[in-house]
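I have placed the structure first, in the form of structure tokens, so that the comments after it can refer back to it.
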Amino acid sequence: CCTDHNHLCDSCCVPDGGQALMTKLSENFSFNEFVNRDDPERPSGQALKYMIQLCEHVLEPLRSWLGKPVQITSGFRSPAHNARIGGAKNSLHTTGMAADIAVGGIPEQIKVAAFLSKLGEVGGIGLYESKGIVHVDIRPHVGAPAMWLEKANGQYVPLPIILRTRIRLAGGKV
């Protein structure tokens, strides 16, 4: 069993039997922030590697830029849990590649999206208009990240030109 967590193994770093593990994914983010207590299935070793990559290369820089902690509202989800909560069928949350973070209203979401869009590892950014949440993922991509907006009625639409322009004016890459 690994004790320093400098390497990853399914038998140690991923808890079994639903037991909580306080493994740090990065300096300021823990395993428990990324998993839902109501979801008995735990991430695979590969999903855990993606979670660490997301924390180290995206969420830590965001936290530093914001100058305050980042609240994760949803991280890893098993396919069964994702279906239960009405998540997208092919959600990247089920792979450990995505996190939803609480940031506030559209003005804050635009600033955060502008910052995230400049990070090379970011492959997708979703703004959740009525929830004050930004989705970020590390899907493979070429060029600017995919961007979308979830409307109050639950529909997903391509990011409207006005929001793309506001992100660009805030220094973002769209």
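The values are calculated or read from the model by the stated rules, or taken from the named source; none is laboratory data. Every value quoted in this text rests on a predicted model; they were computed, and no experiment measured them. Counting neighbours? That spans all protein chains shown, and the Cβs are built from the backbone with ideal geometry, glycine included. Calculation scope for accessible area: heavy atoms of the full protein, side chains included, ligands and nucleic acids excluded. Shrake-Rupley method; radii C 1.70, N 1.55, O 1.52, S 1.80 Å.
Taking only protein heavy atoms and a 1.4 Å probe, the accessible area of the chain is 52% carbon and sulfur.
Straight-line cross-link reach from K118 at under 25 Å between alpha-carbon atoms covers these lysines, not counting any fewer than eight positions away in the same chain: K49, K68, K131, K151, K173. Look at the alpha carbon pairs under 8 Å that are at least 6 residues apart: their mean separation over the length of the chain gives a relative contact order of 16 percent.
I need the calculated FRET efficiency for the pair R84 and H141, taking r as the beta carbon distance and R₀ as 25 Å, to the nearest 0.05.
On the way: r = 29 Å, r/R0 = 1.14.
The pair R84/H141 has a calculated efficiency of 0.30.
With both labels modelled 7 Å from their Cα along Cα-to-Cβ, the R168 to H57 distance reads 2.7 nm. Which part of segment 38-81 falls in the paramagnetic zone of K118, meaning amide N under 12 Å from the point 7 Å along Cα-to-beta-carbon? Only 62, 65-66 pass the distance filter. With all projection directions averaged, the alpha carbon convex hull of segment 20-66 covers 3.4 nm². Label-point separation (nm) for I161 and S130, each offset 7 Å from Cα along Cα-to-Cβ? That separation, rounded to one decimal, is 2.7 nm.
When the dipole is taken about the Cα centre of segment 17-86, and only Lys, Arg (+1) and Asp, Glu (-1) are charged at their Cβ, what size is it in debye, to the nearest 20? Each step should come with its number before you reach the end.
On the way: 8 positive and 7 negative charges, 13 e Å.
Computed about the Cα centre, the dipole is about 60 debye.
Average accessible surface for segment 61-153: 44 Å² per residue, computed with a 1.4 Å probe over protein heavy atoms with every protein chain in place.
Suppose only helical runs count, i.e. DSSP H with n ≥ 4. What mean residue ellipticity at 222 nm does that imply for the chain under -39500 (n - 2.57) per run, divided by all residues and rounded to the nearest 500 deg cm²/dmol?
Working: 6 runs with 48 residues, N = 174.
Rounded to the nearest 500, the figure is -7500 deg cm²/dmol.
The GluC sites (Glu not before Pro) of segment 17-97 meeting both criteria, a DSSP state outside H, G, I, E and B (loop) and at most 12 other C-beta atoms within 10 angstrom of the site's C-beta, are E27. Given R₀ = 41 Å, FRET efficiency for N153-N28 by Cβ-Cβ distance, to 0.05? With R0 = 41 Å, the Cβ-Cβ based efficiency is 0.75. Given +1 at the Cβ of Lys and Arg, -1 at the Cβ of Asp and Glu and no other charges, the dipole of segment 16-174 around its Cα centre is 480 debye to the nearest 20.
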